[in-house]
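Input: a single structure, listed below in structure tokens.
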Amino acid sequence: MKKVSAIICTLNEEKTLRNVIMAVWEYFPINEIVVVSNGSTYNTKNIINELKQFIEFKDIHLAENKGKEYAMIVGAEIASGEILVFRFKRTIAAIN
């Protein structure tokens, strides 16, 4: 079975980030989660640090927003999966 990495690119999504990470961790057959904070200035880092207390995932914090494509590349470079799944701001994760 191939290893799957979920790459979550985020920019100031403090209202949805917690639910997105939790949904990916709980409901999808993912081997690894990578969160790329693309120049976020809101509460993103605190949310990530809070979740890392009980969920294992990689995170990287870019000092400034360099664009979606750049964040994708950064996430792909640190991901170890053979299959990469990307999640963006306009994607909604629903928890039932």
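The values are calculated or read from the model by the stated rules, or taken from the named source; none is laboratory data. The shown structure was predicted, so the numbers you read here are calculated from the model rather than taken from an experiment. Heads up, the Cβs are rebuilt from the backbone with ideal geometry, glycines too, and the neighbour counts pull from every protein chain shown.
Here are the numbers for the structure shown:
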item	result
Residues of region 44-54 classified as in a loop (DSSP other than H, G, I, E, B) and either at pLDDT below 95 or within 11 Å of the chain's Cα centre (by Cα) (or both), total	1
Single residue of region 10-36 satisfying the filter (modelled with pLDDT of 95 or more and assigned to a strand (DSSP E or B)) that is nearest to residue 71 (Cα to Cα)	36
Odd one out for residue 41, checked against (1) among the hydroxyl-bearing types (Ser, Thr, Tyr); (2) outside any strand (DSSP E or B); (3) under 20 Å from residue 81 (Cα atoms)	(3)
Residue match in region 38-52 (condition: surrounded by 17 or more Cβ atoms within 10 Å (Cβ to Cβ) and under 15 Å from residue 78 (Cα atoms))	yes
